[in-house]
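Q: Take this structure first; my questions come after.
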Amino acid sequence: MEPSEGSTLLDSVVITLWGCLIVAGVTLEVIRGWQKLHLFREQRQSLRSWGAPTRLGRERLRVQRGNVAAATHCDSKYDIGICADKSTGGKNMTLSRRRAVLGATLLGGALFGSRMLPDSADAQPASARLTTILDGGFSVSVASTAANRDPNQIRELLQSAGHPTDLASTVLNVSLIRRGSDVILFDCGAGKNFVPGTGKLVDGLTAAGVEPEDVTHVVFTHAHPDHLWGALDEFDTPAFPKASYHVSAAEWDDWFATDIYQRLPEDRHSFAAGAQRILKVLEPVTKRFKPGSEPVPGVLAVAAPGHTAGHFAFEVMADGGPTLIGGDAMTHPVISFLRPDWAGGFDSDPAQAAITRKALLDRAATDRLRLVGYHLPNGGAGYVERRGAAYRFVQG
Ligand SMILES: [Zn+2]
């Protein structure tokens, strides 16, 4: 049967339409391919501008990761963060770790696409600003500044440094770090129920432009009253309601140990009762950290036992330099530095506290870390200088 003229025309139209669709499809694929190629070039350029691992960079990253592994598996009896790998001489563990983390993030970006990369330089890790907020202060007797020492021996030492030899006073410096959206407190002050003259932290924070609900993290060096009791407000609820709280697992376990009251002298039983009560209230919002971990990203937990069983210091980059939040490892601006072997009045394990103190002082002096001491004067920040076999605290 001969096809009609109408059906021939219809076939031509259908064939033409199919042809157009095929051409359009091919064109679309070509455009998509070009876009992918362009995106790949952009990613590569972006990664280069961030120093992402090139062949050489990947090798460096591998070495840095090795450093982190070595640093967290040292054989020192006490892990105080100074027994890092041999390849760096035990120095700059934190910096190596931070670079490795940043490198790993960038490597992740290379593998999984440009969405993991920051859009601009503004998204780089924010610089941290450190301020110390005074919770208050009080006077103590000279004899209590060093345990088991003749008060005359203490006075002689103080006199040799030109320091007052009668009543000693102490202050409570809460470190505040502001870094991007993070508002981090190290300890909480004594609150209003410990001794008169303390409990001024919230007023000090307000004066610095920080309201209690702005605080995102609270990190404890230890759970003595002058560091912990300010964690609850007058209604016995967390004083910083939107914060997560962080305490070392060793500190937590020690205060809740069944023999804690047998081990403590009777005049310090209130320390245990207070720690247990306050930590229990905080428990739902508290995380427990281990040595070498980062309770908050960029804040390295350095085990510093002796003052208490789970006392910790913290290394953090602040104001453009490495900083050591020392807690109560050094409690007196003269005695702790000239005689680091002398026990402080409240060290629970004097021998261990002396080992920790000397190691931290050595580290701070060698690596030029800025030290912030909770009980050191005038804001507590300064540097450690060697002075023969001893040390000197230089405010700054
Ligand atoms: Zn203290």
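Q: Looking at (1) buried (at least 17 other Cβ atoms within 10 Å of the Cβ); (2) on the phi < 0 side of the Ramachandran plot; (3) of a type outside the set (Ser, Thr, Tyr); (4) over 18 Å from the mean Cα position of the chain (by Cα), which is the one condition that is false for Asp253?
A: The single condition Asp253 does not satisfy is (1).
Q: Looking only at region 156-183, which residues are part of a strand (DSSP E or B) and either more than 16 Å from the ligand (Cβ to nearest atom) or more than 28 Å from Ala223 (Cβ to Cβ) (or both)? Spell out how you get there, then give the answer.
A: Taking region 156-183 and keeping what is part of a strand (DSSP E or B), we get 168-179, 182-183.
The answer is Leu176, Ile177, Arg178, Arg179, Asp182, Val183.
Q: Within the group Asp341, Asp362, Asp347, which residue is in the same structural domain as Asp226 (by TED's automatic domain parsing) and out of contact with any helix residue (DSSP H, G or I) (no Cβ under 6 Å at 6 or more places or on another chain)? Full working, then the answer.
A: Working: Asp341 fails: out of contact with any helix residue (DSSP H, G or I) (no Cβ under 6 Å at 6 or more places or on another chain); Asp347 fails: out of contact with any helix residue (DSSP H, G or I) (no Cβ under 6 Å at 6 or more places or on another chain).
Just a single option satisfies the conditions, and that option is Asp362.
Q: Against the definition (within 16 Å of the ligand (Cβ to nearest atom), within 22 Å of Val183 (Cβ to Cβ) and either modelled with pLDDT under 95 or not in a helix (DSSP H, G or I) (or both)), how does Ile278 come out, yes or no?
A: Judged against the criteria, Ile278 is not a match.
Q: Across region 210-256, what is the number of residues that are touching a helix residue (DSSP H, G or I) at 6+ places or on another chain (Cβ under 8 Å), of a type in the set (Gly, Ala, Ser) and away from the ligand (no atom under 16 Å from the Cβ)?
A: The total comes to 3.
Q: Within region 356-389, which residues are β-branched (Val, Ile, Thr) and either under 22 Å from His227 (Cα atoms) or within 16 Å of the ligand (Cβ to nearest atom) (or both)? Spell out the reasoning first.
A: If we filter region 356-389 for residues that are β-branched (Val, Ile, Thr), which is where we start, we get 356, 366, 372, 384.
Those that are β-branched (Val, Ile, Thr) and either under 22 Å from His227 (Cα atoms) or within 16 Å of the ligand (Cβ to nearest atom) (or both): Thr356, Val372.
Q: Would you confirm, using the coordinates I've provided, whether Val202 is closer than 24 Å to Leu371 by Cα, free of Cβ contacts under 8 Å to residues at least 40 places away in the same chain and of a type in the set (A, V, I, L, M)? Please lay out each step first, then the result.
A: Values: closer than 24 Å to Leu371 by Cα: yes; free of Cβ contacts under 8 Å to residues at least 40 places away in the same chain: yes; of a type in the set (A, V, I, L, M): yes.
In short, yes.
Q: With the structure loaded, tell me whether Ser144 is within 33 Å of the chain's Cα centre (by Cα), within 30 Å of Ala208 (Cβ to Cβ) and modelled with pLDDT under 90 or whether it fails that test.
A: Details: within 33 Å of the chain's Cα centre (by Cα): yes; within 30 Å of Ala208 (Cβ to Cβ): no; modelled with pLDDT under 90: yes.
In short, no.
Q: Which residue pairs have Cβ atoms under 7 Å apart, sit 6 or more places apart or on different chains, and have a first residue in region 162-184 that is surrounded by fewer than 12 Cβ atoms within 10 Å (Cβ to Cβ) and a second that is polar (S, T, N, Q) and in a strand (DSSP E or B)?
A: Leu167/Ser139
Q: Filter region 323-341 down to the residues that are under 21 Å from Ser141 (Cβ atoms) and within 13 Å of the ligand (Cβ to nearest atom), then identify the one that is surrounded by the fewest Cβ atoms within 10 Å (Cβ to Cβ).
A: Checking each candidate, the answer is Thr331.
Q: Which count do you get for residues in region 216-237 that are crowded, with 23+ Cβ neighbours inside 10 Å and out of contact with any Cys (no Cβ under 7 Å at 6 or more places or on another chain)? Outline the logic, then answer.
A: Initial filter on region 216-237 (crowded, with 23+ Cβ neighbours inside 10 Å): 218-224, 226-231.
Okay, now just the ones that are also out of contact with any Cys (no Cβ under 7 Å at 6 or more places or on another chain), so 219-224, 226, 229.
Counting residues in region 216-237 that are crowded, with 23+ Cβ neighbours inside 10 Å and out of contact with any Cys (no Cβ under 7 Å at 6 or more places or on another chain) gives 8.
Q: Right, here's the next one. Would a scan of region 296-313 turn up a residue that is within 25 Å of Lys192 (Cα to Cα), away from the ligand (no atom under 16 Å from the Cβ) and either crowded, with 21+ Cβ neighbours inside 10 Å or aliphatic (A, V, I, L, M) (or both)?
A: No, region 296-313 contains no residue that is within 25 Å of Lys192 (Cα to Cα), away from the ligand (no atom under 16 Å from the Cβ) and either crowded, with 21+ Cβ neighbours inside 10 Å or aliphatic (A, V, I, L, M) (or both).
Q: Sticking with this one: Would you confirm, using the coordinates I've provided, whether Ala190 is touching a residue at least 12 places away in the same chain (Cβ under 8 Å), surrounded by 16 or more Cβ atoms within 10 Å (Cβ to Cβ) and of a type in the set (A, V, I, L, M, F, W, C)?
A: So Ala190 fits the description; yes.
The values are calculated or read from the model by the stated rules, or taken from the named source; none is laboratory data. Note that the structure is predicted; figures quoted are calculated from it, not measured. Note that each Cβ is placed from the backbone with ideal geometry, even for glycine, and that neighbours are counted across all protein chains shown.
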